[in-house]
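So the structure is just underneath, and the comments pick up after that.
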Amino acid sequence: MNFDALFQAQIDALKSDGNYRYFAELERKCGKFPHAANHQDDGEVRDVTVWCSNDYLGMGQNPLVIDAMCEAVQRTGTGAGGTRNISGTNHDHLLLERELADLHGKEAALLFTSGYVSNWAALSTLGSRLDGCIILSDSGNHASMIEGIRHARAQKVIWNHNDVADLEAKLAALPANAPKIVAFESVYSMDGDIAPIRQIVEVAEKYGAMTYLDEVHAVGLYGPRGGGIAEREGLMDRITLIEGTLGKAFGVVGGYITGSAALCDFIRSFASGFIFTTALPPAVAAAARASIMHLKSSSDERHHQREQVAKLRAGLDRAGIPHLMNDSHIVPVMIKDPVKTKMLADHLMNEWGIYVQPINYPTVPKGTERLRFTPSPLHTDADIDHLVVALTSLWKQCAIAHAVA
């Protein structure tokens, strides 16, 4: 059997639907973010401005973070040497876990190799180890949460996105004595909308349910110390488990959960995604800790990012470029066609030196294709003006409808 032909047939189908993913080959330049070198197939290298990075605050370029990583490499070497169980638990891991627990006002924290793994491991372990567990999942939850719930093989109930009334109706219909987990996010990465966390927590408490909050697109960005939306709303102590990432606003890599000491020990003891995975390099942990410590005491990055987000939105409004309104840092410009989305992204890159990745199905539903812009505090006013001019020009060329005034 020709397996490559089977593979290629499905790849070709993706391409014909306009949903094939092309990756830009970028080379980040230390101290130059959001500018990067784009290596092309013909060998040419050109400068581009990155507009879709999840390094939301540019902390991956922060001298304090870089110095902490370099110092740790010199002190400990490169890798961790094994899983946490087999020689891989390093002093830097424990220091970082204490820092994360403090960030979220919890007793303990547990590190993972990515935010995807932390969601997958934690939810699958909770759902499979709690007898009779029922997981109530927001319909907009990330693929990592969906995957974890699927592997839990527990009863699953989907509630309408950010719809507290629907959540309560579904909780009320479940057995009162069954362990229940309400799983949701704070900032949803594609639309940029923010969950009504207080109402969700109140409903969960009313029915004795555990709350599982994914804050990956909020940690570092919201709250007086960067603890996320739950910190901003004064709700961290009422949420059972807060999950986050080190790979977005903190500018490094890795994921984590925080909660009670018993909860974190439970996940540590039973989650295969933790037990059998080589630990993060100590230098990564040291860099992440430096980033978290800095953002706990500095709000400058957060304030300037909000200023740049507001400037981009205002420029798009003046130009009549449609974008989803939300209260977060994510600016989705709606195209609603996969072919046009890819075409616009290509034109922005090739003609204007602007890199933004087209967002198509299955990341978003068909008919909601978009360009997702994430202004950082390091994008200048000139960068913003250049982007708005480019979009205005391409909107006319591609005959895409403008926003209605």
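A few notes on this one:
- Here the dipole of the chain is about 440 debye; that uses its Cα centre as origin and unit charges on the Cβ of Lys and Arg (positive) and Asp and Glu (negative).
- With the charge dipole of the chain set up from +1 on Lys and Arg Cβ and -1 on Asp and Glu Cβ about the Cα centre, the Cα lying farthest toward the positive end among the listed residues Pro196, Gly226, Val364 is that of Pro196.
- Fraction of C-alpha pairs exceeding 11 angstrom in the stretch 345-389: 71 percent, rounded to a whole number.
- Taken over the stretch 78-147, the percentage of Cα pairs per 10 Å bin, counting from 0 up to the bin with the maximum distance, is 17, 37, 36, 10, 0.
- Within straight-line cross-link reach of Lys366, lysines at Cα separation under 27 Å, skipping those fewer than 8 residues along the same chain: Lys15, Lys156, Lys248, Lys336, Lys340, Lys342, Lys396
- Along the chain, counting only chymotrypsin sites (Phe, Trp or Tyr not before Pro) with a DSSP assignment other than H, G, I, E or B and at most 15 other Cβ atoms inside a 10 Å radius, the longest segment between sites is 24-275.
- This model, with +1 at the C-beta of Lys and Arg and -1 at the C-beta of Asp and Glu, gives the stretch 2-86 a dipole about its Cα centre of some 420 debye.
- Interatomic Cα distance distribution for the stretch 89-240, bins of 10 angstrom, percent: 11, 40, 38, 10, 1
- When trypsin sites (Lys or Arg not before Pro) are flagged only if DSSP places them in a loop and at most 16 other Cβ atoms lie within 10 Å, the longest unflagged stretch of the chain comes out as 154-335.
- Point-charge dipole on Cβ atoms (K/R +1, D/E -1) for the stretch 123-236, about Cα centre, debye to 20: 400 debye
- Each principal axis of the Cα atoms in the stretch 1-57 has its own extent, and those three values, largest first, are 51, 27, 19 angstrom.
- Mean separation of Cα pairs under 8 Å and 6 or more residues apart, divided by the residue count, gives the chain a relative contact order of 21 percent.
- Cubic angstrom per residue, convex hull over Cα atoms of the chain: 169 Å³
Just so you know, all these numbers are worked out from the coordinates, no wet-lab data involved. For clarity, every value in this text was computed on a predicted model and none was experimentally measured. Please note: Cβ atoms are built from the backbone with ideal geometry, for glycine as well, and neighbour counts cover all protein chains shown.
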